[in-house]
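Down below is the structure, laid out as C-alpha cells.
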Amino acid sequence: MRGHEIKKTWLNYFKERGHRVEESASLVPINDPTLLFINAGVAPLKDYFDGTRVPKNPRMVNVQKCIRTNDIENVGRTARHHTFFEMLGNFSIGDYFRDKAIEWAYDILTSGDYFGLDPDRLYMTVYPTDEETRRKWMEVGVKEDHILYSEECFWEIGPGPCGPSSEVFYDRGDAYGEADLSLIENDVDNDRYVEIWNIVFSQFNAKEGLSREEYPELPSKNIDTGMGLERMAAVMQDAQTNFETDLFYPIIEAVESLSGVPYEGQMSFKVIADHIRSVVFAVSDGATFSNEKRGYVLRRLLRRAVKHGRHLGIEKAFLKDLVETVVSMMEETYPYLRNTQSFTEKLIEKEENKFLETLHYGEKILEDLMQGDTNIIDGKDAFKLYDTYGFPVELTEEYAEAEGFTVDKEGFHAYMAEQKERAREARREKASMHDQNKAFLAFKEESTFVGYETTRVESRVIKVFDEGIVTQKTPFYAESGGQVADSGVIVKEEKVYTVVDVQRLPNGQHLHVLEDHDIEEGDMVTLHVDEMAREATKAHHSATHLLYSTLREVFGDHITQQGSLVGPDYLRFDFNHLELPDDETILSIEDAVNEKIQAAIDVDVEHGSVEDAKARGAVAEFGEKYDDEVRMVNMGETLDLCGGTHVDNTKEIGRFAIAHVESKGSGIYRIVALAGDRVSQIRDYLHGFESQLSHLRNKAENILASAEAEGILLDFDTDATFDIEGSYRDVLNMRALVERFQKDVKNLEKTFEQKRKEKNLADVEQYLDLADEEGNIVARTEGLDSESLKSLADRLMEHTQRGVVFLANVAGEKLICVAKSKSDVHAGNLIKEAAQIAGGGGGGRPDFAQAGAKQPEKVDDVIAFVKEKLS
C-alpha cells in the first residue's frame with residue numbers, strides 16, 4: 001500500500017463513519033505564537049479542544065502536514081526521525097469517546113478491507129490506572145499479554161485539556177532484534193517494536209496545584225489520535241526504514257543521479273531527502289529564510305542538506321533540482337505545490353547560493369583559527385562559526401581533523417544548549433491550551449446575525465453572562481476574519497449602553513461586551529451599529545480583497561495572506577514575498593487597485609459548498625475554519641471565502657491609497673492602506689517625515705541666525721510644503737523632500753563653516769589690534785579646523801615677528817588651542833597649563849604647540865589665564 005493509498009484509506013474509513021474531512025492546515029501557524037511550525041495533527045484544531053469554538057460536526061478526520069526540529073541531529077541516524085512528516089488523525093469533540101475510538105482503531109488496523117495488520121503483531125500500552133482502556137482493548141480482541149502498562153501514557157502540556165493515552169506498537173519481527181517487551185514498557189527506542197498510533201482520551205482539565213487524581217472532568221470529553229504516515233508506510237511496504245518507502249526513495253534516487261554515488265543507506269542521502277521535503281513544503285506554505293525564529297529553522301535545514309551534499313561530492317547548488325521530484329511525489333495530495341513550484345525553486349536557489357558564499361567566509365575564519373598556538377578549536381569559536389556563519393559543527397570537525405586539530409564539542413554543545421533553553425523558555429509559558437468555559441460551551445440557544453441586511457434591530461435578550469449579553473438577533477459583527485467588531489450602542493428604554501466589543505461564542509452566537517449595565521434576560525433592547533464606522537470598514541474590507549488579488553497578479557500565486565486587520569480607520573495586510581517591493585511597484589499596485597475601484601464592479605455574495613468554492617478557485621481567508629456551506633464574495637476576477645461586510649459595488653470604495661510599506665522579517669511584508677474618505681488622513685502617516693523636516697528646518701534657521709550674527713550672508717529656502725494627493729506618491733514626495741532637505745542643510749552647514757574660515761583668515765587686522773606692548777596676541781576664534789587655526793597663527797606671527805600668539809578656537813563641543821612663540825615663553829608648557837583649565841591636555845615644542853579640550857564653555861577662563869601668564 002503506497003503512501004497516497006494509506007491516506008485515502010484513512011480518510012475514507014472515518015468519512016464513512018460520519019467524520020468531516022478537514023484539509024491539512026498550512027505549516028505556518030495562524031494566530032499561535034507558541035509554535036514555529038504546525039507540529040501535530042491536533043495543533044490547528046486547538047480552539048475546538050479548549051472550547052473556544054464548537055465545530056459544526058464534532059467528528060473530524062485529517063492528514064496534517066507537520067514539521068518538528070527538536071531532534072534534528074537524529075535525522076538520518078535512525079530509521080524513523082524526520083523533520084517533515086504527515087500525521088493521520090481522527091478527532092471527536094464531545095461526541096464518541098473511548099469505546100468507539102478503540103473499536104474503530106482495531107477495525108481499521110486489522111480488517112482485510114483496510115490495513116489488514118496481523119493482530120498478533122500488535123501491542124497496546126495503557127496508563128497504569130486506566131483499566132477502562134485496558135478492558136476495552138481486550139473486549140475488541142487484543143490478547144491480555146499484548147496490553148502493557150506505561151507511565152508515559154498520559155498526555156498533558158500544561159493547564160487545560162489532558163488525559164490518559166494508549167499507544168499502538170507493531171512488532172516487525174526477529175529481523176529487527178530479539179523479542180523483548182520491556183523495550184515498549186520502558187519506552188526504549190528500538191527497530192523491532194514501532195509505535196504507529198497514539199490515541200488520547202482527553203477527559204480531564206489540568207489545574208496547577210492539583211495531582212492528576214484530583215483533576216476535574218472536562219464538560220466536553222474529546223478524542224485526539226495521531227498515526228505517523230511514514231511509519232505506517234514502512235510497515236505496509238515492509239521497508240527496512242522509512243527512507244526506503246515511496247515517500248522518500250524517489251528523492252534518494254534523484255540524489256544518486258546528481259552525485260554519481262550509489263545509495264547504500266548512507267546518512268547524507270537520508271538527511272537530504274528529509275530536509276528538502278521540509279523546505280519545499282514550508283516555502284510553499286509561506287515561510288521564508290531568515291536569521292530568526294521560523295526562518296532560522298528553515299535556513300538551518302537547507303544548510304544542513306547542503307553540507308551533506310558536499311559529503312556526497314556535490315559542490316554546486318543542487319537542492320533546487322530536487323523540487324520537481326518532491327512536487328511530483330506529493331502533488332496528488334497537495335496540488336498547490338505545482339502552483340508555487342517556480343517561486344519555491346527561486347527562493348531555494350537564492351538561499352543555497354548565498355550559503356555557498358557564506359561557507360567560503362566560514363572556511364577562511366576557520367583557517368585563521370588554526371593558525372593559533374593550540375591544536376583545539378574552542379567551543380565558543382565553533383559555536384560562532386555555526387551560529388553566525390551557518391557553518392555546521394560537523395564540517396568544522398572535518399576541517400580540523402584534516403589539519404590535526406580537534407573541536408571542543410563539549411563547549412560547543414554547552415553554548416548550543418544555552419541557546420535552545422532561551423528559545424524554549426520563551427515559548428514554554430504559552431504552550432498549553434486554554435481552559436474550557438463551561439457556561440459558553442453549554443449555551444446553545446440560537447442567535448441570528450442580521451448585520452448584512454441592517455444596522456439597527458430590536459431584539460430580546462436571551463442570555464446574560466458576566467462578560468456580556470446575547471440577543472436573539474443582532475446587527476453587530478463579531479471580530480473574525482481580520483475584520484474588527486462593530487461599534488455602537490444598545491438601548492433599553494431610555495438607557496444607552498456603549499458596545500465596547502463583540503466576540504463570537506463557541507456555538508456561534510455574538511457576545512456583546514458592554515460597560516456597566518442592568519440588562520436582564522428577557523429584556524427587549526434596540527441594537528444600533530455605528531453606521532459611519534461600518535461603512536468605512538466595508539470600504540476597507542473590499543479594498544483588502546482587491547489589494548490581495550492585485551498582489552497575486554503582480555507577483556504570482558505564491559503570494560499568501562499572512563495576516564490582516566480591517567477596521568474603520570485603515571486596513572493592514574501582511575504577505576510573503578522574496579523581497580520588499582520597490583517604490584515603482586507599490587505605485588503600480590496602488591494604481592491597479594484604483595482602476596478596479598473605478599471599474600464599478602458589482603460585489604456579489606454567493607453561498608455554496610466548500611468543494612464548489614475550491615473548484616472555482618476561491619481564496620480562503622487567513623486563519624479561518626469553514627463549515628460545509630460557505631459564503632463567497634465575488635468581485636469579478638476575485639472570488640474569496642469571506643464572512644465579512646462589503647460594499648455593493650467597488651465604486652463605493654471611492655479611492656485607495658497605500659500609506660506605509662515595511663518588512664516584518666522572515667520574508668513577511670506589511671502594507672497599510674486607506675480607503676474611501678479615510679484617504680484624506682494619509683497625512684497622519686507622514687508625521688515621522690514632518691518631524692524630521694521640523695528638526696532640519698530648525699537646524700537651518702539656527703545656522704542662518706549664527707551666520708547673520710557674525711556678519712556672514714547665506715541664502716537658504718526653508719519652505720518645505722507640497723500638495724497632498726491622497727496617494728503613496730505623498731509618501732514618496734515627503735521622503736524625497738526630507739532627503740533633499742538633509743542634503744541642503746548639510747551643504748548650508750559646510751558653506752557657513754567655509755565662509756567663517758575665510759572671514760577669520762581675512763580679518764587678520766582685527767587680531768593684530770589685540771597685540772600688547774610685547775607683541776603678544778591672545779584671541780578667541782570660532783569654527784576653524786586645526787589646519788585653518790594653525791594657518792591663522794602663522795600669519796599673525798609673520799606680522800608681529802615677536803612675542804607669543806595664542807588662539808583658542810571653539811568648534812562645536814571641542815576647544816582647540818594653538819601657541820607660537822618667538823620669546824622666552826615655552827609654547828608647549830604654556831598650552832599644557834591652559835588646556836588643563838578646560839579639561840584637556842597637550843604640549844609641543846618651545847616655538848609651537850597645540851592642545852584640545854572637552855569644555856569649550858571655559859574658553860574665556862583659558863584666555864584670561866594666558867593673558868595673565870604673559871603679563
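Summary of values
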quantity: Residues of the range 804-820 classified as open to solvent by 10 Å² or more (accessible area, probe 1.4 Å) and part of a strand (DSSP E or B), total; calculated: 5
quantity: One residue from Phe575, Phe555 being in contact (Cβ under 8 Å) with a residue 12 or more places away in the chain and within 18 Å of Leu27 (Cβ to Cβ); calculated: Phe575
quantity: Residue list for the range 368-386, filter: open to solvent by 60 Å² or more (accessible area, probe 1.4 Å) and either touching a residue at least 12 places away in the same chain (Cβ under 8 Å) or at positive phi (or both); calculated: Asn375, Ile376, Asp378, Lys380
quantity: Residue count for the range 511-534, restricted to those that are under 38 Å from the mean Cα position of the chain (by Cα), among the charged types (D, E, K, R) and buried (at least 16 other Cβ atoms within 10 Å of the Cβ); calculated: 2
quantity: Within the range 1-110, helices (runs of 4 or more DSSP H) holding 1 or more residues that are within 15 Å of Trp197 (Cα to Cα); calculated: 3-15, 98-110
quantity: The range 65-83, residues that are in contact with a Leu (Cβ under 8 Å, 6 or more places away or on another chain) and closer than 13 Å to Ile38 by Cβ; calculated: Lys65, Cys66, Ile67, Thr69, Thr83
quantity: Of all residues in the range 298-318 being assigned to a helix (DSSP H, G or I) and not basic (Lys, Arg), the one that is most open to solvent (accessible area, probe 1.4 Å); calculated: His311
quantity: Residues within the range 111-120 that are in a helix (DSSP H, G or I) and of a type in the set (Asp, Glu), tallied; calculated: 1
quantity: Thr474 of a type in the set (Val, Ile, Thr), out of contact with any helix residue (DSSP H, G or I) (no Cβ under 9 Å at 6 or more places or on another chain) and crowded, with 17+ Cβ neighbours inside 10 Å; calculated: yes
quantity: Selected residue (only one of Thr83, Thr129, Thr133 is surrounded by fewer than 20 Cβ atoms within 10 Å (Cβ to Cβ), in contact with a strand residue (DSSP E or B) (Cβ under 9 Å, 6 or more places away or on another chain) and among the polar types (S, T, N, Q)); calculated: Thr129
quantity: Residue match in the range 768-783 (condition: of a type in the set (D, E, K, R) and open to solvent by less than 90 Å² (accessible area, probe 1.4 Å)); calculated: yes
quantity: Test: Thr537 is open to solvent by less than 20 Å² (accessible area, probe 1.4 Å) and in a helix (DSSP H, G or I); calculated: yes
quantity: Residue tally, condition in a strand (DSSP E or B) and β-branched (Val, Ile, Thr), over the range 545-594; calculated: 1
quantity: Search result, residues across the range 270-297 that are of a type in the set (D, E, K, R), buried (at least 24 other Cβ atoms within 10 Å of the Cβ) and out of contact with any Gly (no Cβ under 8 Å at 6 or more places or on another chain); calculated: Arg277, Arg294
quantity: Residue ID - surrounded by the fewest Cβ atoms within 10 Å (Cβ to Cβ), chosen from residues in the range 633-647 that are over 17 Å from Asp677 (Cα atoms) and over 29 Å from the mean Cα position of the chain (by Cα); calculated: Glu637
quantity: Evaluation of Leu587 against (1) in contact with a Lys or Arg (Cβ under 9 Å, 6 or more places away or on another chain); (2) open to solvent by 30 Å² or more (accessible area, probe 1.4 Å) (one fails), failing number; calculated: (2)
quantity: Output for the range 7-62, where each listed residue is aliphatic (A, V, I, L, M), buried (at least 18 other Cβ atoms within 10 Å of the Cβ) and over 25 Å from the mean Cα position of the chain (by Cα); calculated: Leu11, Val54, Met60, Val61
quantity: Count of the range 714-730 residues which are modelled with pLDDT of 85 or more and open to solvent by 60 Å² or more (accessible area, probe 1.4 Å); calculated: 1
quantity: Neighbours by Cβ (under 9 Å, 6+ apart or cross-chain): first from the range 122-147, in contact (Cβ under 8 Å) with a residue 60 or more places away in the chain; second open to solvent by less than 30 Å² (accessible area, probe 1.4 Å) and assigned to a helix (DSSP H, G or I); calculated: Tyr123/His146; Tyr123/Ile184; Thr125/Ile184; Thr133/Arg98; Thr133/Ile102
quantity: Total residues in the range 664-722, condition in contact with a strand residue (DSSP E or B) (Cβ under 9 Å, 6 or more places away or on another chain), aliphatic (A, V, I, L, M) and farther than 18 Å from Arg735 by Cβ; calculated: 3
quantity: Residue that is nearest to Ile252 (Cα to Cα) [pool: residues in the range 272-290 that are at pLDDT 95 or above and aliphatic (A, V, I, L, M)]; calculated: Ala273
quantity: Leading residue by the ranking (farthest from the chain's Cα centre (by Cα)) among those in the range 214-251 that are open to solvent by 40 Å² or more (accessible area, probe 1.4 Å) and free of Cβ contacts under 8 Å to residues at least 60 places away in the same chain; calculated: Asp238
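Condition check ((1) in a strand (DSSP E or B); (2) of a type in the set (Phe, Trp, Tyr); (3) farther than 24 Å from Ile6 by Cα; (4) touching a helix residue (DSSP H, G or I) at 6+ places or on another chain (Cβ under 6 Å)) across all residues:
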{"site": "Arg135", "(1), (2), (3), (4)": "no, no, yes, no"}
{"site": "Glu151", "(1), (2), (3), (4)": "no, no, yes, no"}
{"site": "Gly158", "(1), (2), (3), (4)": "no, no, yes, no"}
{"site": "Gly163", "(1), (2), (3), (4)": "yes, no, yes, no"}
{"site": "Ser166", "(1), (2), (3), (4)": "yes, no, no, yes"}
{"site": "Ile184", "(1), (2), (3), (4)": "no, no, yes, no"}
{"site": "Asp187", "(1), (2), (3), (4)": "no, no, yes, no"}
{"site": "Glu195", "(1), (2), (3), (4)": "yes, no, no, no"}
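The values are calculated or read from the model by the stated rules, or taken from the named source; none is laboratory data. Since the structure is predicted, the reported quantities are computational estimates derived from the model, not experimental observations. Because the Cβ atoms are built from the backbone with ideal geometry, glycine has one as well, and the counts that use them run over all protein chains shown. Surface areas here come from the heavy atoms of the whole protein model, side chains and all, with no ligands, DNA or RNA. Shrake-Rupley method; radii C 1.70, N 1.55, O 1.52, S 1.80 Å.
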